[in-house]
Amino acid sequence: MVEKTAKQTRGPGHAPDDPRLWPFAAAQLAMDACFWWLEREPAEQRDGSLPWTTPNSVALELATMQLRDCSQMRSGQPVLVCAPYALHRALIADFAPGHSVVQSLQNGGIDRVYLTDWRSATSDMRYLSIDSYLGDLNVAIDEIGAPVDLVGLCQGGWLSLLYAARFPAKVRRLVLVGAPVDLSIDSSLSRLARNAPELVYDQLVARGGGNVSGEEMLRFWSKAPDNDDIVAALQRDLSDDQGTALLARFDRWNAETLNLPGTYYLGIVNGIFRENLIARDKFVALGRPVHLKDVKAPIFLLAGLDDDVVPATQALATAGLVGTPPAFIAAASEPSNHLGLFMGARTHAHAWPRIAGWLRGDLPGVLARSA
């Protein structure tokens, strides 16, 4: 959920340098943006979408997503990667060779990999809520065949954790990567969520006709990430021909934004980031409150030591909220910023092979070898 456009218009006020924080910073700027909004230039139009790195087919068409089947075989334990649904496409999980969660899982010996490819919100999706996404996730998992191993990336992490608490029998193992859950722990996300009154968020949705426009919000940023920022995210030098191609691909990926349903967006801002309902066991999912202690599946937590969006202390604190026995909780921290957890070459060389091994291996043996 980041980052940069090749051509960017300076919006009103001053936004944080990190567009991963866009849903909250955008609302903070919204009151100053009204007149600029009316006078803005049309956004640059781009043709086509970036191709996927990993061959896949669409296994299921749902209101909220296309379920992508990246499997190499029809048998074996299925893994579902739950991509973040924020500003950018699910290609964040399959960005490029050596920078792909899907590819790293396959290289680690996992033959059945699926991916949630969330749809950009249209006007008829504006009333979809978090329940809508949980419900479709449940349909997808039934289609794949429960129990699944669920890999949640960033905001796909709290959604995966909610699902595991609501349907504990359908999740065999759970991987949470840079996932914000306990928002009482200080972070850029929690600070930005608290800084603007609720009315500002409501007005942001109203101006989008019931949705929050990713394309328009991206144009607010006063500072786009430079090459150094992208080097840190991709964790490799960009000066050679391959690096130049990666930089161009990153620019295109960044420009392919998603719109969010207003109801879903406000549910996140108010219920999760402002009221911290998940960590407080007060979140109502599909008709009843969910309790994180109901999650007893083995869990792997991955955090970035340089992550200012979801600090390592916050990402790893989830271990104390769930009902999983400590012996079945594995944790790792990488020298990575937030985006580097999903797209960084170094993280894919070091952390993701360990995750794949943890998913495939005899659990007590894996944990003993990791100690």
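The values are calculated or read from the model by the stated rules, or taken from the named source; none is laboratory data. These numbers were taken from a predicted model, which means no experiment stands behind them. Cβ: placed from backbone, ideal geometry, glycine included. Neighbour counts: every protein chain shown.
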Which of the residues spanning the stretch 112-132 are hydroxyl-bearing (Ser, Thr, Tyr) and in a helix (DSSP H, G or I)? Ser123, Ser132
Quick one: which strands (runs of 3 or more DSSP E) sit completely within the stretch 44-93 and have at least 3 residues that are under 22 Å from Arg173 (Cβ atoms) and touching a residue at least 12 places away in the same chain (Cβ under 8 Å)? 65-69, 79-82
What number of residues within the stretch 146-192 are out of contact with any strand residue (DSSP E or B) (no Cβ under 6 Å at 6 or more places or on another chain), among the small types (Gly, Ala, Ser) and either within 14 Å of Leu80 (Cβ to Cβ) or free of Cβ contacts under 8 Å to residues at least 12 places away in the same chain (or both)? 1
Single residue of Gly135, Gly109, Gly98, Gly152 found to be modelled with pLDDT of 95 or more, of a type outside the set (Val, Ile, Thr) and part of a helix (DSSP H, G or I): Gly135
Tell me, yes or no, whether the stretch 249-266 has at least one residue that is under 23 Å from Ala93 (Cα atoms), surrounded by fewer than 19 Cβ atoms within 10 Å (Cβ to Cβ) and modelled with pLDDT of 95 or more. yes
Taking Tyr127, is it closer than 24 Å to Asn259 by Cα, among the aromatic types (Phe, Trp, Tyr) and touching a Leu at 6+ places or on another chain (Cβ under 9 Å)? no
Residues that are buried (at least 23 other Cβ atoms within 10 Å of the Cβ), modelled with pLDDT of 95 or more and either within 22 Å of Leu277 (Cβ to Cβ) or of a type in the set (Asp, Glu) (or both): does the stretch 342-357 have at least one? no
Within the stretch 187-196, can one find any residue that is more than 17 Å from Val309 (Cα to Cα) and surrounded by fewer than 24 Cβ atoms within 10 Å (Cβ to Cβ)? yes
Kindly provide the set of residues from the stretch 182-228 that are under 30 Å from Ala319 (Cβ atoms) and not in a loop (DSSP other than H, G, I, E, B), ordered by number. Ser188, Leu189, Ser190, Arg191, Leu192, Ala193, Arg194, Asn195
Exactly one of Ala179, Ala245 is in a helix (DSSP H, G or I) and either exposed (fewer than 15 other Cβ atoms within 10 Å of the Cβ) or at pLDDT 90 or above (or both), and that residue is Ala245
Regarding Asp149, is this residue buried (at least 24 other Cβ atoms within 10 Å of the Cβ) and either over 14 Å from Thr116 (Cβ atoms) or acidic (Asp, Glu) (or both)? yes
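Quick grid of which residues meet (1) in contact with a Lys or Arg (Cβ under 7 Å, 6 or more places away or on another chain); (2) over 28 Å from Asp229 (Cα atoms); (3) outside any strand (DSSP E or B):
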| site | (1), (2), (3) |
| --- | --- |
| Ile268 | no, no, yes |
| Asn276 | no, yes, yes |
| Lys296 | no, yes, yes |
| Ala303 | no, no, no |
| Gln314 | no, no, yes |
| Gly323 | yes, yes, yes |
| Asn337 | no, no, yes |
| Phe342 | no, no, yes |
| Thr347 | no, no, yes |
Which one of the conditions (1) closer than 30 Å to Leu105 by Cα; (2) surrounded by fewer than 17 Cβ atoms within 10 Å (Cβ to Cβ); (3) small (Gly, Ala, Ser) does Ser184 fail to meet, given that it meets all the rest? (1)
With (1) without any contact (Cβ under 8 Å) to a residue 60 or more places away in the chain; (2) in a helix (DSSP H, G or I); (3) within 21 Å of the chain's Cα centre (by Cα) as the list, and Pro353 as the residue in question, which single condition is left unmet? (1)
With criteria (1) in contact with a His (Cβ under 8 Å, 6 or more places away or on another chain); (2) modelled with pLDDT of 90 or more, Asp228 comes up short on (1)
Among (1) modelled with pLDDT of 95 or more; (2) buried (at least 21 other Cβ atoms within 10 Å of the Cβ); (3) not hydroxyl-bearing (Ser, Thr, Tyr), Gly271 falls short only on (2)
